[in-house]
């Protein structure tokens, strides 16, 4: 009974995912028939003219998530390493509490903080940026403050507690004998920490991918600071758009059937991208696991005469 019950729950989770995919596919039928693959490749988003393309939103989602990952990963790993390897015991519990408290803050609160604190700071940073640097594609644009840079920063802050918590648990799971063996061989403390990181690299990659998944689906905080302008740009200061932001902004105000189906297809695109990224990350984690297994030394076989 217990085996059947847990099996039914596992199948139920898979059924929920399949049901979401089916419903998104069904409700986006009009948009898929009208635009086909051009929906993924077109930049124009004009509800008045009835022309819809999701490339700008796909770009904004992937670009902001990648920037957030680049910014958050070193900080998250640094927090995890300090708490698990370097921090005195009396400081560990307060640091863990404060780090995990960041994950409990609602998205809208992050958005308000971004509007009143982060955006003015980014605007000041734009104004003091040298002219020769503002002439490059990555730092061009007017000093509005809202844009891709502010969105990436707020996403990085929101991702850090998730990645650091999982990475910390991974480092705690590394057997203490691994560190003791490294010290016995004359390793320094930094070398022992590097060994622990290498031992738990599979779980650390999983922690980073968990943060990426968190960044891909974030809505309200990004909507409030990214500028919500559908354009493809490398500039960190240019206002741009994400898929979740356009869904939050336009779904309640969509009047035509084609507009609604196009928004649902954006949800389908976000669903597919999330699945693709998770499959890639899972394949990478499996490859690391196989490498670790293949490099493990084989058990010594004692001849029968010796054992006798």
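Brief remarks follow.
- Residue order for 40, 132, fewest other beta carbons within 10 angstrom first, comes to 132, 40.
- At 0.692 mPa s and 37 °C, Stokes D of the chain from Kirkwood alpha-carbon radius, µm² per second: 147 µm²/s
- Within the listed set 176, 92, 240, the Gaussian network model of the chain (springs between alpha-carbon atoms below 10 Å) gives the highest mean-square fluctuation for 176.
- Helix 89-104 and the longest principal axis of the C-alpha atoms of the chain enclose an angle of approximately 30°.
- Calculated mean residue ellipticity, 222 nm, the chain: -23000 deg cm²/dmol, from DSSP H runs (n ≥ 4) at -39500 (n - 2.57) each, averaged per residue and rounded to 500.
- Cα centroid separation, the stretch 227-250 to the stretch 141-174 (Å): 19 Å
- Multiplying the residue separation of residue 20 and residue 97 by 0.36 nm and subtracting their alpha-carbon distance yields 24.2 nm.
- Angle of helix 257-295 to the longest C-alpha principal axis of the chain, folded into 0 to 90 degrees and rounded to 10: 20°.
- With Cα atoms, 0 to 90° folded angle of helix 55-81 axis to the chain main axis: 30 degrees
- Residue with peak Gaussian network fluctuation, the chain [Cα springs, cutoff 10 Å], from 277, 83, 105: 105
- As a proxy for reagent exposure, ranking 102, 77 by other Cβ atoms within 10 Å from fewest up yields 102, 77.
- With Cα atoms defining each centre, the stretch 261-290 and the stretch 11-66 are spaced 14 Å apart in the structure.
- Panel order for 108, 285, by other beta carbons found within 10 Å of each beta carbon, from fewest to most: 108, 285.
Read-outs: derived from the displayed coordinates by stated rules, not from any lab. Here the structure is a predicted model, which is why all the values come from computation and not from measurement. Don't worry about glycine lacking a Cβ; one is built from the backbone with ideal geometry, like all the others, and counts go over all protein chains shown.
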